[in-house]
1. Name the residues in region 246-280 that are open to solvent by less than 30 Å² (accessible area, probe 1.4 Å) and either modelled with pLDDT under 95 or not polar (S, T, N, Q) (or both), would you?
2. Restricting the search to region 74-109, which residues are in contact with a strand residue (DSSP E or B) (Cβ under 9 Å, 6 or more places away or on another chain) and small (Gly, Ala, Ser)?
3. Report, by residue number, each residue of region 1-17 that is closer than 11 Å to Ile314 by Cα and open to solvent by 10 Å² or more (accessible area, probe 1.4 Å).
4. Assess whether Thr44 counts as being among the hydroxyl-bearing types (Ser, Thr, Tyr) and part of a strand (DSSP E or B).
5. Kindly provide the set of residues from region 91-115 that are crowded, with 19+ Cβ neighbours inside 10 Å and in a loop (DSSP other than H, G, I, E, B), ordered by number.
6. Could you tell me which of the residues Pro126, Pro180, Pro119 is open to solvent by 70 Å² or more (accessible area, probe 1.4 Å) and touching a residue at least 12 places away in the same chain (Cβ under 8 Å)?
7. Filter region 209-224 down to the residues that are in contact (Cβ under 8 Å) with a residue 60 or more places away in the chain and in a helix (DSSP H, G or I) and list them by number.
8. What tally of residues in region 293-326 results from selecting those that are charged (D, E, K, R) and either surrounded by fewer than 18 Cβ atoms within 10 Å (Cβ to Cβ) or in a strand (DSSP E or B) (or both)?
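The values are calculated or read from the model by the stated rules, or taken from the named source; none is laboratory data. Because the structure is a prediction, the values reported are computed rather than measured. All Cβ positions, glycine included, derive from the backbone under ideal geometry; neighbour counts span all protein chains shown. The area values use the complete protein model at the heavy-atom level, side chains included, leaving out ligands, DNA and RNA. Shrake-Rupley method; radii C 1.70, N 1.55, O 1.52, S 1.80 Å.
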Amino acid sequence: MKVAIVGVSGAVGQEFLRVLDERNFPLDELVLFGSKRSAGTTYTFRGKQIEVKLLQHNDDFKGVDIAFTSAGAGTSKEFEKTITKYGAVMIDNSSAFRMDTDVPLVVPEVNAEDALERPRGVIANPNCTTIQMVVALKAIEQLSHIKTVHVSTYQAASGAGAAAMDELYEQYRQVLANEPVTVEKFAYQLAFNLIPQIDVFTENGYTKEEMKMYNETRKIMHSDIKVSATCVRVPALRAHSESIWVETERPISIEEAREAFAKGDGLVLQDNPAEKEYPMPLFLAGKDPVYVGRIRKDLTNENGLTFWIVGDQIKKGAALNAVQIAEYLIKVKNV
């Protein structure tokens with residue numbers, strides 16, 4: 001099993017190295033690719049030093065079984081055919097191919113089988129906020145079809161990459177030291193603030209991030225589900241939170257929902273308000289599952305249910321989901 005990581009020097013690329021090692025992923029050879037800036041640098045994996053190769057249009061992907069790509073949509077589009085030319089399965093972490101009809105969009109807990117039909121040799125990893133939401137929605141969908149979702153996201157700095165996390169640290173330091181605040185990675189200062197915009201606005205007033213949640217959820221769940229999202233950047237460092245309201249075809253009791261979440265694949269129930277137990281990003285960074293709490297009946301709709309989820313954006317929202325796709329393909333001998 002020969003595996004490649006494209007974009008290894010980024011936050012998600014580094015997470016790929018950790019996740020592959022943590023999960024004892026069955027690989028015999030690992031090849032790392034990067035831009036001119038990172039080519040030539042070395043990373044240690046399982047005790048071996050591996051030098052980063054420059055990503056080029058050549059035959060470097062000959063013999064590669066699985067390529068995890070996380071170098072941005074432009075790079076993914078440009079190098080798709082170079083990466084897949086000799087039969088490598090490209091599991092892409094960018095937004096490049098998510099809504100292409102001939103590219104499956106996969107969250108293994110929800111629609112793993114979709115990964116088996118990939119005419120272009122490409123499987124897309126969904127947007128981070130969509131991934132953690134659909135893992136939770138799957139548990140409810142199995143009880144009663146979900147018609148509508150309203151979701152507000154509370155997205156950590158990690159969603160904008162390693163440099164954005166560094167900027168948040170620096171902004172807090174600058175504010176406390178009474179220094180001018182550096183603002184580069186976000187439209188405004190994030191420290192001590194919230195920014196109700198992630199990605200650019202579209203014509204309907206929703207941002208691209210919010211529209212991703214609408215479109216991707218329907219594709220992953222093979223459903224007519226409607227999602228209305230408000231995505232907000234918050235000054236947490238790592239792990240995204242979401243406040244979710246769902247309307248189902250029949251009323252679902254709190255007990256049913258709790259049991260479904262407790263048994264749900266990739267979910268951990270953390271819901272004990274009396275003891276102030278509920279998911280929080282500070283304590284769940286670096287964890288694999290999606291955590292669910294604050295489960296309530298909606299007060300305005302008998303078919304409504306409200307709950308709160310937290311998941312690590314770099315882990316389950318990116319690298320881990322992609323690795324789980326690869327693990328599924330190996331398990332069913334489809335790679």
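1. Val246, Ile252, Ala257, Ala260, Phe261, Gly264, Gly266, Leu267, Asp271, Pro279
2. Result: Ser76, Ala88, Ser94, Ser95, Ala96.
3. Within region 1-17, Gly10, Ala11, Val12, Gln14 meet the criteria.
4. In short, yes.
5. If the condition is that a residue be crowded, with 19+ Cβ neighbours inside 10 Å and in a loop (DSSP other than H, G, I, E, B), then Asn93, Ser94, Ser95, Ala96, Phe97, Arg98, Val103, Pro104, Val106, Val107 are the ones that fit.
6. Pro119
7. Once the filter is applied, which keeps residues that are in contact (Cβ under 8 Å) with a residue 60 or more places away in the chain and in a helix (DSSP H, G or I), region 209-224 yields Glu209, Lys212, Met213, Asn215, Glu216, Thr217, Lys219, Ile220, Met221.
8. So the count comes out to 5.
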